[in-house]
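Report on one structure; see the data block that follows.
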Amino acid sequence: MNTEKVRPVLITEGVTGQSLTVECLKITGHAPRAGEYLVREWAKAGLHKSSAVRISKKLELPVSKVIKRIGKLQPLDIIGVEGAIEQQSKIAI
């Protein structure tokens with residue numbers, strides 16, 4: 001029996017060339033911590049509850065693990081996530 005829990009992710013880079021993986025960030029229903037982005041328009045994005053993108057939790061998933069598309073971030077949240085990624089990269093330097 002497969003006991004893996006299905007969780008939402010934000011795909012940041014799709015399949016390219018020979019790669020059979022996608023780059024993504026974890027999404028959590030927990031309150032945002034430092035360095036995480038709170039999705040403002042979470043319902044329009046197809047999420048079931050208020051959620052945060054965990055900017056520091058990058059994943060590379062096999063395409064076979066991507067089950068379905070549940071939605072799309074709204075422009076406000078795309079800009080917010082991009083800004084949070086930029087801030088995170090400045091901190092990492």
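The values are calculated or read from the model by the stated rules, or taken from the named source; none is laboratory data. Quick caveat, the model's predicted, so the values are computed rather than measured. Ligands, DNA and RNA are stripped out before the accessible areas are found, and what is left, the full protein with its side chains, is counted by its heavy atoms. Shrake-Rupley method; radii C 1.70, N 1.55, O 1.52, S 1.80 Å.
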**Request:** Let me have the 222 nm mean residue ellipticity of the chain computed from DSSP H runs of 4+ only, each contributing -39500 (n - 2.57), with the sum over all residues rounded to the nearest 500.
**Result:** -6500 deg cm²/dmol
**Message:** Please list, in order along the stretch 47-63, the HN-Hα scalar couplings obtained from phi with the Karplus expression 6.51 cos²θ - 1.76 cosθ + 1.60 (θ = phi - 60°), rounded to whole Hz, x for Gly and Pro.
**Reply:** 7, 8, 7, 3, 9, 10, 8, 8, 4, 7, 9, 7, 10, 10, 10, x, 3
**Probe 1.4 Å, protein heavy atoms only - accessible area per residue of the chain in square angstrom** = 75 Å²
**Volume per residue of the C-alpha convex hull in the chain, rounded to whole Å³** = 122 Å³
**Prompt:** Between VAL22 and residues 5 or more places away or on another chain, which pairs have amide H atoms under 5 Å apart, with H built 1.01 Å from N, and which residues are they?
**Reply:** LEU61, VAL63
**Asked** Of LYS65/LYS90; LYS68/LYS90; LYS5/LYS72; LYS44/LYS90; LYS5/LYS90, which ones are farther than 28 Å apart at the Cα?
**Response** LYS65/LYS90; LYS68/LYS90; LYS44/LYS90; LYS5/LYS90
**Asked** Using modelled backbone amide H atoms (1.01 Å from N, in-plane), which distant-in-sequence or interchain residues come within less than 5 Å of ILE55's amide H?
**Response** TYR37
**Carbon and sulfur %, accessible surface of the chain computed with the full protein complex present, 1.4 Å** = 56 percent
**Asked** What is the extension gain from ALA34 to GLU86, computed as 0.36 nm multiplied by their sequence separation minus the C-alpha to C-alpha distance, in nm to one decimal?
**Response** 17.3 nm
